[in-house]
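Structure, as structure tokens:
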Amino acid sequence: QVQLVESGGGLVQPGGSLRLSCAASGTIFSNNVAGWYRQAPGKQRELVALILSDLSPNYADSVKGRFTISRDSAKTTLYLQMNSLKPEDAAVYSCYTVAGITPYWGPGTQVTVSS
């Protein structure tokens with residue numbers, strides 16, 4: 001059973017930075033698409049960033065130039081570097097991957113952006 005666990009969330013002032021991590025129970029990220037989603041209260045879950053099996057990244061327009069998705073060489077941890085954070089970035093951030101036809105989600109980590 002694959003397990004994903006996020007960490008790194010917290011409270012940050014506007015303009016600040018956070019680095020989220022998603023640790024997997026195995027090398028689930030090795031050949032699979034992986035990404036980060038977020039959901040703010042009262043809003044639909046939205047895709048923030050994806051990294052494809054060839055390591056090419058894709059970003060939501062709202063975070064381009066500010067967020068960077070990456071994966072460690074051991075293929076067990078997914079990262080999301082978030083810079084120049086804005087109040088509208090506040091949400092629960094969850095990591096995601098799919099192996100075959102089976103999706104996996106982490107429980108999420110809260111990001112609060114406030115002065």
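The values are calculated or read from the model by the stated rules, or taken from the named source; none is laboratory data. What you are looking at is a predicted structure, and each value in this text was computed from that prediction instead of being measured. Note: ideal-geometry Cβ built from the backbone for every residue, glycine included; neighbour counts use all protein chains shown. SASA here: full protein model, heavy atoms, side chains in, ligands and nucleic acids out. Shrake-Rupley method; radii C 1.70, N 1.55, O 1.52, S 1.80 Å.
So here's what we get for this one:
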quantity: Enumerated strands (runs of 3 or more DSSP E) restricted to the stretch 68-115, each holding at least 2 residues that are within 12 Å of VAL33 (Cα to Cα); calculated: 91-99, 102-105
quantity: Among the residues listed as ALA34, ALA99, the single one being in contact with a Cys (Cβ under 9 Å, 6 or more places away or on another chain), of a type outside the set (Phe, Trp, Tyr), farther than 23 Å from SER114 by Cβ and touching a residue at least 24 places away in the same chain (Cβ under 8 Å); calculated: ALA34
quantity: Where SER94 falls short, out of the listed (1) open to solvent by less than 60 Å² (accessible area, probe 1.4 Å); (2) touching a residue at least 24 places away in the same chain (Cβ under 8 Å); (3) out of contact with any Phe, Trp or Tyr (no Cβ under 7 Å at 6 or more places or on another chain); calculated: (3)
quantity: Residues located in the stretch 4-23, provided they are under 15 Å from the mean Cα position of the chain (by Cα) and open to solvent by 20 Å² or more (accessible area, probe 1.4 Å); calculated: VAL5, SER7, GLY8, GLY9, GLY10, SER17, LEU18, ARG19, SER21, ALA23
quantity: Test for VAL48: is it of a type in the set (A, V, I, L, M), open to solvent by less than 30 Å² (accessible area, probe 1.4 Å) and out of contact with any His (no Cβ under 9 Å at 6 or more places or on another chain); calculated: yes
quantity: Residue in the stretch 12-25 that is in a loop (DSSP other than H, G, I, E, B), at pLDDT below 95 and of a type outside the set (D, E, K, R) present; calculated: yes
quantity: Breaking point among (1) in contact (Cβ under 8 Å) with a residue 40 or more places away in the chain; (2) within 19 Å of THR102 (Cα to Cα), for SER53; calculated: (1)
quantity: Condition check for SER56: open to solvent by less than 70 Å² (accessible area, probe 1.4 Å) and either in contact with a helix residue (DSSP H, G or I) (Cβ under 8 Å, 6 or more places away or on another chain) or modelled with pLDDT of 95 or more (or both); calculated: no
quantity: Pair list, Cβ < 8 Å and 6+ apart or interchain, from the stretch 1-29 residues that are touching a residue at least 24 places away in the same chain (Cβ under 8 Å) and closer than 18 Å to SER53 by Cα to residues that are open to solvent by 30 Å² or more (accessible area, probe 1.4 Å) and charged (D, E, K, R); calculated: THR27/LYS75; ILE28/LYS75; PHE29/ARG71; PHE29/LYS75
